[in-house]
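J.: Please read through the structure below; I'll follow up with questions.
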Amino acid sequence: MTAVITTAAGIARGVRSGEYPAARVLEEYLARIAAHEDRIGAFLLVAQERARAAAEAIDARVAAGEDPGLLAGVPLAVKDALCLAGLPTTAGSKILQGWHPPYTATAVARLEEAGAVVVGKTNLDEFAMGSSNENSAYKVCRNPRGLDRVPGGSSGGSAAAVAAGFASVAIGSDTGGSIRQPASLCGVVGMKPTYGRVSRYGLIAFASSLDQIGPLAGTVEDAALVYQSMAGADPMDATSIPGDLPDVLSGVKEGREAGIAGMRVALVTELCEMEGTDPTVARVFEETVKKLEKSGAVLVEVSVPSLVHALSAYYLIAPAECSSNLARFDGVRFGLREAGDDVEAMNRATREAGFGPEVKRRIMLGTYALSSGYIDAYYGKAQRIRTLVIRDLEAAFTQADVLLSPTSPTVAFPLGARTDDPMSMYISDICTIPANLAGIPALSLPCGTDDAGLPVGLQVMAPVLSESLLFRVACAAETLIGALPPVLL
Ligand code: GLN
């Protein structure tokens, strides 16, 4: 039997043409999960039987002469912050243990309609708060490219699942970098769309003005296929962008064939010359930029001064929004309930037992930042910085087509290295947060490794709604650099 583990584009092509059945593709992935998942911890739930039924349904459609879709038979891993009716959803938190959502997230439903086969729900930092997956209330997730290393977070399980070949593609959510940072640390492609491009309906909210769902994949083309299949207007999400969804797959093709000659690519001074950046990350990034320049890209440098305040603004806005969003977990409506003499005591006991330390820290920070007497000094000021970041980035995009930076200042760090120091953990998102504050699309792709084989990520940022351009540049870069195959454990 020839191995069918390949790209999502390749799997879908093979399944659609009847070359091999979706059921066989799935069994190959399930066998890898069975053999190696114990050492990785990428999944909170593997949905074997459900996946087998889905794969059989795809094969039946092929046999009946129907086209099962762009992602026919492609094994997909779903971050456990996204609801899927019929399976439990935990958001990585004890407070949701045993909760079964009554509906399915729009993004997941669309991917299933396009033929993707959900293999399981992936591990994550509790309520998507974290950068290493170590805030998961359930289990450790290890980086498949270095088992003593974190996979990044919060979509660490999704990134690890793709890097380990447990799923061909995955989806995650990105509030401050939670798709791109783990993608960078695990050596896969991760993309955050423009705010509003992908419906958030069915995503458990962390910070609603920043949250976006996006793809993780082995190649830029696969990420584009997933994006194209799930993006677009949705009446169930009031912030979803109306109108038709432009085709990004032509951008991928253009990037591969025409490259990026003549395109203005900018290095962002504040992100590229940051204190604390690993020398190896800086070196690999520089080498990558040289390759782009050699292929004809016009290199410019732009300064985006307000970015030095972006991290601080984010760590006020995101906690403020989460303190409000997480108020709904009160022991009445969802999951866990601890006993108490009256309703207030029950609420308090449930939240005390159900939330982990980082979630409590965020709720307290956010409540403080919003409290009367402090709201202007903290939340108000952070919002003003956010406006500055938006304006500064708009100005930067008049000087360049896309902006570049490392995705994360370091490669994957050792498990436990930052758990006692929240600030050092927060810093790993310093390059990814600006795109969330401004709502612009951004993508991370592997651009090399350090001596130990740990991946370095290149971040590309594009103007609002310029996904096609983003995929074009990313695909051109990938063609020059080469994609990193999944690790054979
Ligand atoms: N690591 C960041 C945080 O902890 C970003 C998380 C995310 O994007 N969900 O808030």
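J.: Could you look through the stretch 245-268, keep only residues that are at pLDDT 95 or above and of a type in the set (D, E, K, R), and pick out the one that is farthest from residue 109 (Cα to Cα)?
T.: The selected residue is 264.
Yes/no matrix, rows are residues, columns are (1) in a helix (DSSP H, G or I); (2) without any contact (Cβ under 8 Å) to a residue 24 or more places away in the chain:
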{"position": "382", "(1), (2)": "yes, no"}
{"position": "396", "(1), (2)": "yes, no"}
{"position": "420", "(1), (2)": "no, yes"}
{"position": "436", "(1), (2)": "yes, no"}
{"position": "451", "(1), (2)": "no, no"}
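J.: Assess whether residue 240 counts as being in contact with an Asp or Glu (Cβ under 9 Å, 6 or more places away or on another chain) and within 19 Å of residue 128 (Cα to Cα). Break it down into steps so the answer makes sense when it comes.
T.: Numbers: in contact with an Asp or Glu (Cβ under 9 Å, 6 or more places away or on another chain): yes; within 19 Å of residue 128 (Cα to Cα): no.
So residue 240 fails the test.
J.: Given 136, 208, 154, which one is touching an Asp or Glu at 6+ places or on another chain (Cβ under 7 Å), surrounded by fewer than 24 Cβ atoms within 10 Å (Cβ to Cβ) and at pLDDT 95 or above? First the steps, then the outcome.
T.: Working: 136 fails: surrounded by fewer than 24 Cβ atoms within 10 Å (Cβ to Cβ); 154 fails: surrounded by fewer than 24 Cβ atoms within 10 Å (Cβ to Cβ).
The conditions single out 208.
J.: So, in the stretch 295-354, exactly how many residues are within 29 Å of the chain's Cα centre (by Cα), of a type in the set (D, E, K, R) and in a helix (DSSP H, G or I)?
T.: The number of residues fulfilling the criteria is 4.
J.: Looking only at the stretch 203-238, which residues are out of contact with any Leu (no Cβ under 6 Å at 6 or more places or on another chain), small (Gly, Ala, Ser) and assigned to a loop (DSSP other than H, G, I, E, B)?
T.: 205, 207, 208, 209, 218, 233, 238
J.: Filter the stretch 426-478 down to the residues that are away from the ligand (no atom under 16 Å from the Cβ) and at positive phi, then identify the one that is nearest to the chain's Cα centre (by Cα). Give the steps one after another, and end with the answer.
T.: Start the filter on the stretch 426-478 by keeping residues that are away from the ligand (no atom under 16 Å from the Cβ), which leaves 445-456, 458, 460, 462-478.
With the extra rule that they be at positive phi, the set shrinks to 448, 453, 465.
Values: 448: 20, 453: 22, 465: 18 Å.
The qualifying residue nearest to the chain's Cα centre (by Cα) is 465.
J.: To continue, here is another question. Of all strands (runs of 3 or more DSSP E) completely enclosed by the stretch 74-188, which ones contain at least 2 residues that are more than 16 Å from the ligand (Cβ to nearest atom)?
T.: Working: elements: 75-79, 117-122, 169-174.
Fully inside the stretch 74-188 and qualifying: 75-79, 117-122.
J.: Taking the stretch 458-489 only, how many residues are part of a loop (DSSP other than H, G, I, E, B), over 14 Å from residue 222 (Cα atoms) and touching a Ser or Thr at 6+ places or on another chain (Cβ under 7 Å)?
T.: 2
J.: Let me ask something else about it. Would you point out which residue out of 349, 327, 320 is of a type in the set (A, V, I, L, M, F, W, C), modelled with pLDDT of 95 or more and in contact with a Leu (Cβ under 7 Å, 6 or more places away or on another chain)?
T.: Working: 349 fails: in contact with a Leu (Cβ under 7 Å, 6 or more places away or on another chain); 327 fails: in contact with a Leu (Cβ under 7 Å, 6 or more places away or on another chain).
Going through 349, 327, 320 in turn, just one is of a type in the set (A, V, I, L, M, F, W, C), modelled with pLDDT of 95 or more and in contact with a Leu (Cβ under 7 Å, 6 or more places away or on another chain): 320.
J.: Give the residue, chosen from 390, 363, that is touching a helix residue (DSSP H, G or I) at 6+ places or on another chain (Cβ under 9 Å), away from the ligand (no atom under 16 Å from the Cβ), part of a helix (DSSP H, G or I) and aliphatic (A, V, I, L, M).
T.: Numbers: 363 fails: away from the ligand (no atom under 16 Å from the Cβ).
Result of the check over 390, 363: 390.
J.: If only one of 91, 85, 60 is more than 24 Å from the chain's Cα centre (by Cα) and aliphatic (A, V, I, L, M), which one is it?
T.: 60
J.: Assess whether residue 468 counts as being touching a residue at least 60 places away in the same chain (Cβ under 8 Å), surrounded by 24 or more Cβ atoms within 10 Å (Cβ to Cβ) and of a type outside the set (A, V, I, L, M, F, W, C). Step through it out loud before you land on a result.
T.: Values: touching a residue at least 60 places away in the same chain (Cβ under 8 Å): yes; surrounded by 24 or more Cβ atoms within 10 Å (Cβ to Cβ): no; of a type outside the set (A, V, I, L, M, F, W, C): yes.
Considered against the rule, which asks whether it is touching a residue at least 60 places away in the same chain (Cβ under 8 Å), surrounded by 24 or more Cβ atoms within 10 Å (Cβ to Cβ) and of a type outside the set (A, V, I, L, M, F, W, C), residue 468 comes out as no.
The values are calculated or read from the model by the stated rules, or taken from the named source; none is laboratory data. Since this is a predicted model, take the numbers as computed values, not measurements. For neighbour counting, all protein chains shown are included, and Cβ atoms are generated from backbone atoms with ideal geometry for every residue, glycine included.
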